[in-house]
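Notes follow the structure.
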Amino acid sequence: MTLRVLMFGWEFPPYVSGGLGVACEGLVRGLLELETEVALVLPRRSPPASLPNLTLLSSADGGDPALPRPRGRRLRVGRIASPLRPYITELLYAQERRQAERLGANFTGNYGPNLHREVLRYAGTAARIAARERFDVIHAHDWLTFLAGLEARRVSRKPLVLHVHATEFDRTGKGENGFVTAIERLGLAEADRVVAVSTYTAELVAREYGVDAGRLRVVHNAIDAKETVGPWTVEEGDPLVLFAGRVTWQKGPAYFVEAAARVAAERPDVKFVVAGSGDRLAAMMEQAAGLGLKERFLFTGFLPPTELDRLYARADVYVMPSVSEPFGLTALEALQQGTPVIISKSAGVSEVIRNVLRVEFGDVDDLASKILSVLAFAPLRETLSARGRAEVRRLSWREAASQCLAVYRELVAE
Amino acid sequence: MIPICLYFQVHQPYRLRRYNYFDVGREHRYFDDARNREVLLEVAERCYLPSTAMLERLLERHPRFAASLSLSGTVLEQLGAWAPEALAAFRRLHASGRVEFLAETSHHSLAWLASREEFMAQVALHRARLSDAIGAEARVFRNTELIYSDALAACAEELGFAGVLADGVEPLLGDRSPAGLYRAATPKGLPLLLRHYRLSDDVAFRFSDRSWAEWPLTPARYDRWISDVKGDVVSLFMDFETFGEHQRRETGIFEFFEGWVDFRLGRRGARFLTPSAAIESLPRRDTLSSPRLLSWADEARDVSAWQGNDLQRDALGKLFALERRVRASGSDALAEDFRRLSASDHFYYMATKPEKDDRVHAYFSPFDSPYDAYITYMHVVSDLERRLPRPARARSLHPDSTRPAPRA
């Protein structure tokens, strides 16, 4: 029996700001390979998707999107007119609203006056979509879509799977954003199944949100094989240590700079590259400058995937010093380019790969020593590169999707 | 009835402390004394004390019971310092006259793979430590982890040993049975005793494995397997830590083993032989040759457990590049650090093996990963190098060296 999935997502390549969009695309691709029909609902803000076998369906204006019935297509994408996106905060939402209003965009009327109301409005629209769609199971990703998922379940009485890519505890360390945490608690308490991207996250969800083991499943993120950047396209130069991803508290940028200062003191030739942006970027720049590292750091801002791949391939070591990392897809991307990786032990990705170096987050001494070790010992660099690349080759989104499909089948059987 | 030859290996290494890039040139203490003491005390409690007590009971009950032990120089030293009552138990076993003690290198080292000169020095050092700590004179040699080759056997013969031990693997035996006393491919045909690895691993590895079709193994069934072996001797060689440590007390390993010895010696004509007694009394079979290095470790039964990847080869090469300078320094402290770093254990922790072997390596390793083991080791060796007087010229290597030849 072909299963039909109504999926609420947030971002879709090529324009993604974090792992959520990559994971969402990977799972959808995998599900399509497994003969599953997917109706994907995205916020209107996300630009047109560019998958070869993905058709973008138009959505009506005024927050009243129409999702036509499937006609031979197994993936359809619907869009809800909403400025929401996965890493948005209350403050950013307000800023963007003001900006859009100044520019005269139709950022009024149907849009909520604040983030809270917008999330609720989005959920209301989801209910209207669910009322006229045919599907067997609902699958929603992270807190912004949890309410949409609950609404869809209420009107359709179909089972709901909530997929946890990150929680407020990962983002802030305490789960202190009352509104977000409240939505997470409500969703996770109500969901028929909760899928966590790692055992690390599953344990956090069980501990902090009281999700019982009977409803909790782990489906590790993955990466699909692709052309790696050839070394001939990579320019030679000074040893390069790379940080990539959103520059937020959760990603541990301050530890990276502290470790860089120690490395720089030992190795005058080493350069540090930060690819990405986020609310801690300015602080990170100031910290680096304050430690006299202005000449040693390069901040590239956000990079599209192909450029980021070139940077991975060029770097001598990729560092992910996260405070709390539910998964950490960038580690797989770096390994795919044959780059040695140092990750925090608080990262779900270390459950699926062994050929990496690991540090306790915040242990700057150990982090700096490991960076220096990779730079100093050629056999170490070569072994991490060769074995790491071979190891990620064994992973696939199809496998992750088949585990999601098994979760759907459990629910449909009930 | 086919006689049994038992040999148990007793060893604890000096594990390294947390040591990183920034410690080089500043911190010259390399070993985690607290952790090493803690492990030794734990293992003494769980294994050495109850296992020696079990052997003592068996010796007392059965005049025909005999066994052999090999204690590395490092475990002898640790027992003397931290668990003297366990050392005393080993001395009592020696005093029984029916437990033979074997020769090996002082530091359970890979010296044979890197330097014949250092190897000979460590064998002599072990002889001295064994004599001091236990009062025993070893006649039969076993190399670290049963690392073996024709050249190793020839060296043991030159050193005057009466025999040598190896694993009974196909590269050495071809289609012959391991259940006999063979001759090594040496000038005088040194007697060679071979481990019956299947029957040894039934106890050492599989005993508590609930997914094993034979679980739970009973003394009577195990004895039937042994009685089915055709030949002159069944050699059961394993870690002494099998009893109470690798196989915990709750698995019933003590009851099983003691029960099996009782069962076997309850039958007429059953005998246990020490390696020396086996060498003196058994007929000598064919000459067996292996120019290639063998061992009892991993699926491969070669030296890949310690020299299977670039990290391991790099580390051993870096250490032994310092050998001449360590010797020339005349410093006992430098020599002791150098030798502790030559222990096979450090290299074992750096292995990157497939899943099945890897689980065993990880069980023994104090490190998070083979990479951490390598990094720690390399920084320690860097510090050792800084403490040495000026460099000397490179030397020639002997035939079994796994190190790359020095550049001219």
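If we keep just the residues of region A:383-406 that are surrounded by fewer than 19 Cβ atoms within 10 Å (Cβ to Cβ), free of Cβ contacts under 8 Å to residues at least 40 places away in the same chain and not basic (K, R), which is farthest from the other protein chains (Cβ to nearest Cβ)?
A:A406
Pick from region A:355-365 the residues that are closer than 14 Å to B:S369 by Cα and facing chain B (nearest Cβ under 7 Å): which of them is surrounded by the most Cβ atoms within 10 Å (Cβ to Cβ)?
Kept after step one, since they are closer than 14 Å to B:S369 by Cα, are these residues of region A:355-365: A:355-360.
Subsequent filtering for residues that are facing chain B (nearest Cβ under 7 Å) retains A:357-358.
Working: A:L357: 24, A:R358: 19.
So, considering only residues that are closer than 14 Å to B:S369 by Cα and facing chain B (nearest Cβ under 7 Å), the one surrounded by the most Cβ atoms within 10 Å (Cβ to Cβ) is A:L357.
Only one residue in B:R92, B:R64 is charged (D, E, K, R) and not in a loop (DSSP other than H, G, I, E, B). Which one?
Working: B:R64 fails: not in a loop (DSSP other than H, G, I, E, B).
Unique residue meeting the criteria: B:R92.
Out of region A:191-205, which residues are in contact with a strand residue (DSSP E or B) (Cβ under 7 Å, 6 or more places away or on another chain) and surrounded by fewer than 17 Cβ atoms within 10 Å (Cβ to Cβ)?
Result: A:T199, single match.
Hey, among the residues in region B:334-365 that are touching a helix residue (DSSP H, G or I) at 6+ places or on another chain (Cβ under 7 Å) and surrounded by fewer than 18 Cβ atoms within 10 Å (Cβ to Cβ), which one's nearest to the other protein chains (Cβ to nearest Cβ)?
Applying the filter and picking the extreme gives B:F364.
Give me the residue from region A:199-217 that is among the basic types (K, R) and in contact (Cβ under 8 Å) with a residue 12 or more places away in the chain and, out of that set, farthest from A:S350 (Cα to Cα). So that I can check it myself, show each step before the final result.
From region A:199-217, those among the basic types (K, R) are A:207, A:215, A:217; that's our starting set.
Subsequent filtering for residues that are in contact (Cβ under 8 Å) with a residue 12 or more places away in the chain retains A:215, A:217.
Details: A:R215: 24, A:R217: 18 Å.
Only one residue tops the list, namely A:R215.
I'm told B:A277 meets every condition in (1) crowded, with 20+ Cβ neighbours inside 10 Å; (2) assigned to a helix (DSSP H, G or I); (3) of a type in the set (G, A, S) except one. Can you identify the failing condition by its number?
Condition not satisfied by B:A277: (1).
Filter region B:285-330 down to residues that are under 28 Å from B:D239 (Cβ atoms) and assigned to a strand (DSSP E or B) and give me whichever is nearest to the other protein chains (Cβ to nearest Cβ).
B:L294
Hey, any hits in region B:204-222 for a residue that's under 21 Å from the mean Cα position of the chain (by Cα), over 26 Å from B:D357 (Cα atoms) and either buried (at least 18 other Cβ atoms within 10 Å of the Cβ) or assigned by TED's automatic domain parsing to the domain that holds B:N143 (or both)?
Step one: filter region B:204-222 for residues under 21 Å from the mean Cα position of the chain (by Cα), giving B:204-207.
Among the residues that remain, those that are also over 26 Å from B:D357 (Cα atoms) are: none.
No, there is no match, as no residue in region B:204-222 is under 21 Å from the mean Cα position of the chain (by Cα), over 26 Å from B:D357 (Cα atoms) and either buried (at least 18 other Cβ atoms within 10 Å of the Cβ) or assigned by TED's automatic domain parsing to the domain that holds B:N143 (or both).
Condition first: outside any loop (DSSP other than H, G, I, E, B), farther than 23 Å from B:V75 by Cα and more than 20 Å from the chain's Cα centre (by Cα). Now tell me which residues in region B:331-362 satisfy that.
Once the filter is applied, which keeps residues that are outside any loop (DSSP other than H, G, I, E, B), farther than 23 Å from B:V75 by Cα and more than 20 Å from the chain's Cα centre (by Cα), region B:331-362 yields B:E355, B:K356.
In this structure, does A:L380 turn out to be crowded, with 21+ Cβ neighbours inside 10 Å, in contact (Cβ under 8 Å) with a residue 40 or more places away in the chain and either within 8 Å of chain B (Cβ to nearest Cβ) or in contact with a His (Cβ under 6 Å, 6 or more places away or on another chain) (or both)?
Taking the combined requirement at face value, the residue satisfies it.
Out of A:F327, A:F361, A:F297, report the one residue that is of a type in the set (A, V, I, L, M, F, W, C) and out of contact with any Lys or Arg (no Cβ under 9 Å at 6 or more places or on another chain).
Matching residue, one of A:F327, A:F361, A:F297: A:F327.
Given the options B:G269, B:G231, name the one that is crowded, with 16+ Cβ neighbours inside 10 Å and in a loop (DSSP other than H, G, I, E, B).
It is B:G231.
Only one of (1) surrounded by fewer than 19 Cβ atoms within 10 Å (Cβ to Cβ); (2) in a helix (DSSP H, G or I); (3) more than 11 Å from chain A (Cβ to nearest Cβ) is not met by B:V380, so which one is it?
(1)
For every residue, the table says whether it meets (1) over 21 Å from A:Q250 (Cβ atoms); (2) hydroxyl-bearing (S, T, Y); (3) in contact with a Gly (Cβ under 7 Å, 6 or more places away or on another chain); (4) free of Cβ contacts under 8 Å to residues at least 24 places away in the same chain.
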| residue | (1), (2), (3), (4) |
| --- | --- |
| A:M284 | no, no, no, no |
| A:A289 | yes, no, no, yes |
| A:A315 | yes, no, no, no |
| A:P326 | no, no, yes, no |
| A:E333 | no, no, no, no |
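What is the residue count in region A:262-294 for residues that are within 14 Å of chain B (Cβ to nearest Cβ), surrounded by 19 or more Cβ atoms within 10 Å (Cβ to Cβ) and out of contact with any Asp or Glu (no Cβ under 7 Å at 6 or more places or on another chain)? If you could, list the steps in order and put the result at the bottom.
Step one: list which residues in region A:262-294 are within 14 Å of chain B (Cβ to nearest Cβ), which gives A:262-267, A:270.
After this cut, where a residue has to be surrounded by 19 or more Cβ atoms within 10 Å (Cβ to Cβ) as well, the list is A:262-264, A:270.
Checking the rest, the ones that are also out of contact with any Asp or Glu (no Cβ under 7 Å at 6 or more places or on another chain) come to A:262-264.
Residues flagged as within 14 Å of chain B (Cβ to nearest Cβ), surrounded by 19 or more Cβ atoms within 10 Å (Cβ to Cβ) and out of contact with any Asp or Glu (no Cβ under 7 Å at 6 or more places or on another chain) within region A:262-294 amount to 3.
Right, B:A315: more than 25 Å from B:L71 (Cβ to Cβ) and at pLDDT below 95 or not?
Considered against the rule, which asks whether it is more than 25 Å from B:L71 (Cβ to Cβ) and at pLDDT below 95, B:A315 comes out as no.
Test B:E27 against the stated conditions and say whether it is closer than 30 Å to B:E336 by Cβ and within 14 Å of chain A (Cβ to nearest Cβ).
yes
Between residues in region B:58-80 that are in the same structural domain as B:F254 (by TED's automatic domain parsing) and closer than 19 Å to B:D132 by Cβ and residues that are of a type outside the set (D, E, K, R) and part of a helix (DSSP H, G or I), which pairs lie under 6 Å by C-beta distance while being six or more apart or on different chains?
B:G73/B:H126; B:L76/B:A133; B:Q78/B:L40; B:L79/B:A86; B:L79/B:L87; B:G80/B:L87; B:G80/B:A133
The values are calculated or read from the model by the stated rules, or taken from the named source; none is laboratory data. Nothing here was measured: the structure is a model prediction, and the numbers come from that model. Cβ sites come from the backbone with ideal geometry, for glycine too, and all protein chains shown count toward neighbours.
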